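The values are calculated or read from the model by the stated rules, or taken from the named source; none is laboratory data. Here the structure is a predicted model, which is why all the values come from computation and not from measurement. For neighbour counting, all protein chains shown are included, and Cβ atoms are generated from backbone atoms with ideal geometry for every residue, glycine included. These area figures cover heavy atoms from the full protein model, side chains too; ligands, DNA and RNA do not enter into them. Shrake-Rupley method; radii C 1.70, N 1.55, O 1.52, S 1.80 Å.
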Amino acid sequence: MKLTSCLDFEAQMVVTVHRDLFGTGRLVRAADLTLGTAACPATAQNAAENVVTFVAGLHECGSTLRVTPEALIYSTSLNYSPFRAGNPVIIRTSPAVVPIECHYPRRNNVSSHAIQPTWAPFHSTLSSEQRLLFSLHLMNDDWSTQRASAVFQLGEMLHVQASVSVGNHAPLRLFVDSCVATPSPDRGSSPQYSFIDFNGCMVDGRLDDATSTFISPRPRLDVLQFAVDVFKFAGDSSSLLYITCHLKVSPASQPPDPQNKACSFHKPSGLWAPVEGTRAVCSCCETQSCGTARHSLQPHSPFHQHRGRTRRGLPLHPTVGEADVMLGPLLIHGLQQQPAAGGVPSAGGLVGLGLAAGSTVLLLAALGALAARRTHSNPV
């Protein structure tokens, strides 16, 4: 899906959508696209460029307003409801609901001049008060560049790169403390599946049908990469995944320990192996007693293999900074849904602002700030 703009004119948003919704070359009908719970129709379409434009007030089409200490957040959705022109028993495409959010910082002056949004593609960033910038990015298979699509097929791998911009800090080492997948942006929603847990244990790689792992060695101390076998929630018709990871840093001079580590399960040896440090720092991954982190993401999914275990409290080493960062939405196709030709859509066919792929987009329009889905961050 191509979004060429999502602008505000004091009281309006303008959303432009490419009709090649799934990146397969098959154009959807403009009449099948609506905005918001009120199902507002498109206001214009460009046949030459195959785009559809919606213009609506911030309070129109069923949009809602949420106020946080930091921002005013207007929420709506782009809806795709395909018309069954053929046999009503079968469908050749699936409906989709694309969440859209526009974030207005409350600490800025929004009354005198227009504020231009800043966009971030397929990743999330979160800046702490002292300019620590935590990020998650989808990467291509060889880790050389960011991935141009957020559409995946079962059987593929997610390549995720976590990073932190340290600014003027002394050297820092980044860790991924935990990661949980949910079918909606609410990390407390159900079902959910925690694939990194216990302060840096890649628990998904412990399962018989998974090869998920941290990548060793690191490219840099402030970067950590990991690969996860693609999965989707059973019985979830949306096929969407949102991934929230708790990232943290410690001084580079501090050696890894049970609370600051990156450990993967090595199936041939049946042992846990760290990206750096001794194997002893990973021993708690097997016993699941690595200490209790303040921001631990508790699993509630039946997929999770570690429910009901008690985490024994261990003394925690102080971290320099930490943040919860969200990646998504990702669209997961089953094998039967994969297009016969064309493969995974490319950015050129799908993305206008680098924000969309397949049939889903999350617009994190942080106007006058970093494009981010902001969650709590401890001050550095």
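With K and R counted +1 and D and E -1, the other residues having a Cβ less than 14 Å from that of ALA227 yield a net charge of -3. Solvent-accessible surface of protein heavy atoms, probed at 1.4 angstrom with all chains present, puts LYS248, LYS232, LYS267 in the order LYS267, LYS232, LYS248, largest first. About the centre of its Cα atoms, the stretch 171-231 shows a dipole size close to 320 debye [charges on the beta carbon of Lys, Arg (+1) and Asp, Glu (-1) only; nearest 20 debye]. Summing Cβ point charges (Lys, Arg +1; Asp, Glu -1) relative to the Cα centre of the stretch 223-296 gives a dipole of roughly 80 debye. Taking all protein chains in place and a 1.4 Å probe, what share, in percent, of the accessible surface of the stretch 147-239 do carbon and sulfur account for? Percent of accessible area from carbon and sulfur atoms in the stretch 147-239: 50. Put SER149, SER190 in order of accessible area, highest first, and with a 1.4 Å probe you get SER190, SER149. When ASP236, ASP141, ASP20, ASP208 are compared by accessible surface with a 1.4 Å probe, the order from highest to lowest is ASP208, ASP141, ASP236, ASP20.
Can you give the Rg/Rh ratio of the stretch 180-267, where Rg is from the C-alpha atoms and Rh is the Kirkwood radius? Intermediate results must be reported in sequence, preceding the final value.
Numbers: Rg = 14.4 Å, Rh = 14.4 Å.
When Rh is taken as the Kirkwood radius, the ratio is 1.00.
In this rough spin-label picture, where each label sits 7 Å from Cα along the Cβ direction, the THR278-LEU154 distance is 4.4 nm.
To the nearest 10, the accessible area of THR287 is 80 Å² with a 1.4 Å probe.
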